[in-house]
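The values are calculated or read from the model by the stated rules, or taken from the named source; none is laboratory data. Values in this document were obtained by computation on a predicted structure and should not be read as measured data. Note: ideal-geometry Cβ built from the backbone for every residue, glycine included; neighbour counts use all protein chains shown. The accessibility values were calculated without ligands, DNA or RNA, using every heavy atom of the protein model including side chains. Shrake-Rupley method; radii C 1.70, N 1.55, O 1.52, S 1.80 Å.
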Amino acid sequence: MLDGGMTEREAAWTVWAVSYFTLGLTQEEQAVPVSGGDRVAQSVSGTSHPSLHRVLAHLDAGSFDERFEFGVRALIGRGARA
């Protein structure tokens with residue numbers, strides 16, 4: 001990251017963010033229930049949370065690996081295009 005032009009602070013904070021993003025997504029992946037429905041989808045309506053309702057289908061779309069790669073690209077500033 002330093003060789004890519006980041007300042008020392010940017011590099012350190014980016015590594016910190018990627019590390020915690022990785023830990024969080026790993027924990028999420030391990031906690032996925034085998035069955036039982038989606039509590040978020042059941043709790044969100046277009047009236048109560050209109051913006052969240054609009055993007056709800058995208059929250060768990062794709063695989064964990066796809067979402068992880070997207071997130072890492074976004075964090076390191078390489079453009080997180082799907």
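Here is how the numbers come out for the structure above:
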{"read-out": "Förster-model FRET efficiency, 25 Å R0, residue 28 and residue 1, C-beta, rounded to 0.05", "value": "0.50"}
{"read-out": "Structure-based [θ]222 nm, the chain - -39500 (n - 2.57) summed over DSSP H runs of at least 4, per residue, nearest 500", "value": "-20000 deg cm²/dmol"}
{"read-out": "Proximal charge balance of residue 21 [Cβ under 13 Å; K/R count +1, D/E count -1]", "value": "-1"}
{"read-out": "At q = 0.10, 0.16, 0.23 Å⁻¹, base-10 log of I(q)/I(0) for the chain (Debye sum, equal scatterers on each alpha carbon)", "value": "-0.36, -0.78, -1.13"}
{"read-out": "Extreme residue, positive dipole direction of the chain, given options 72, 26, 45 (C-beta unit charges)", "value": "45"}
{"read-out": "Cβ-based net charge around residue 63, under 12 Å, with every Lys or Arg adding one and every Asp or Glu removing one", "value": "-4"}
{"read-out": "Two-site label geometry, residue 74 and residue 52: point separation in nm, points 7 Å out along Cα→Cβ", "value": "1.6"}
{"read-out": "Surface per residue (accessible, 1.4 Å probe) for the chain, Å²", "value": "82"}
